[in-house]
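Since the structure comes first, as structure tokens, the remarks are kept for the end.
The values are calculated or read from the model by the stated rules, or taken from the named source; none is laboratory data. This one's a predicted model, so the numbers in the text were calculated from it and none came from an experiment. Heads up, the Cβs are rebuilt from the backbone with ideal geometry, glycines too, and the neighbour counts pull from every protein chain shown. The area values use the complete protein model at the heavy-atom level, side chains included, leaving out ligands, DNA and RNA. Shrake-Rupley method; radii C 1.70, N 1.55, O 1.52, S 1.80 Å.
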Amino acid sequence: MLNSNLKSLFIVLGVCSMAGSSWADADLYASYTDDSRKVAQEFMQQLAGTLKQQIESSGTESAISVCKEVAPALAKQYSNDSRLVSRVSLKPRNQTLGTPKADERLALQNFDRQQRDGTAGALELVTVYEDAGGEWHHYMRAIPTQPLCLQCHGKPEDISANVKALLAKEYPADQAVGYSPGEIRGAVSIRQKIR
Ligand code: HEC
């Protein structure tokens, strides 16, 4: 089952006391975590499925447009007035959408460390915080690099000349290459407004 594989780092309680929240809020936070976990899972599965299908039917070059169009569209589709879904990375390809905020950067650095230390299972982080806009539940889940990803995110020898040329044209500031299987490519980041 999903839960048994999850190596979660819950810092919710520490933040609760800071925010003056009560123990009763723990149930509320847990329901947000469940929701975000489900959304992240679905979002990643749908994206990977579309990507695989496109590569198989029309080749890697055409799949670049899938990543470019479908990924942001799906993120938007899973977002609503009180939920914001995005993908971030320490080495983003899309500098506008993929550059992490300070808290996301810290989480990604932690995920990298955990991956290097050989922590088993999916890597997640849950935090609750307050800002001028209200109280927020923030869920992050690491996205590992799979063999399929290497043809667009791998080392120079993994990426065809045509794909390299297309990527250079579409993403002149691309940093999202040089990955090996198992390394953390980025994370899904979901912020939900609690109140
Ligand atoms: C066909 C080429 C291609 C393949 C294969 C591919 N990607 Fe990407 N990836 C892209 C492109 C293009 C973008 C930029 C999308 C955008 O503009 O938002 C991207 C962006 C991302 C991002 C968002 C952060 C960033 O760097 O901008 C993540 C996370 C990501 N890819 C993970 C993966 C994973 C995991 C796999 C394998 C399951 C994968 N990608 C396979 C082309 C690819």
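Rounded to whole numbers, the Karplus 3J(HN,Hα) couplings from phi for the range 184-193 are 7, 6, x, 8, 7, 10, 10, 9, 10, 7 Hz, using 6.51 cos²θ - 1.76 cosθ + 1.60 with θ = phi - 60°, and x at Gly and Pro. A full extension of the chain between Y129 and Q151 corresponds to an added length of 4.1 nm, given 0.36 nm per residue minus the alpha carbon distance. In summary, the lysines within cross-link reach of K68, defined as a Cα separation below 20 angstrom excluding same-chain residues under 8 places away, comprise K52, K76, K91, K164, K169. Rg and Dmax of the chain, both derived from C-alpha coordinates alone, stand at 17.5, 57 Å. Need one number: nm distance between label points at S65 and L97, each 7 Å from Cα along Cα→Cβ, rounded to one decimal. Computed distance between label sites S65 and L97 equals 1.5 nm. Calculated accessible area for the range 24-193 comes out at 51 Å² per residue, all protein chains present (probe 1.4 Å; ligands, DNA, RNA ignored). Here the simple spin-label model places points 7 Å from the Cα toward Cβ, and for L106 and A168 these points are separated by 3.9 nm. Based on every Cα atom in the range 61-168, Rg and the maximum pairwise Cα distance Dmax equal 15.9, 48 Å.
When the chain is fully extended, how far beyond the present Cα-Cα distance does K52 get from S180, taking 0.36 nm per residue of separation?
Result: 44.3 nm gained on full extension.
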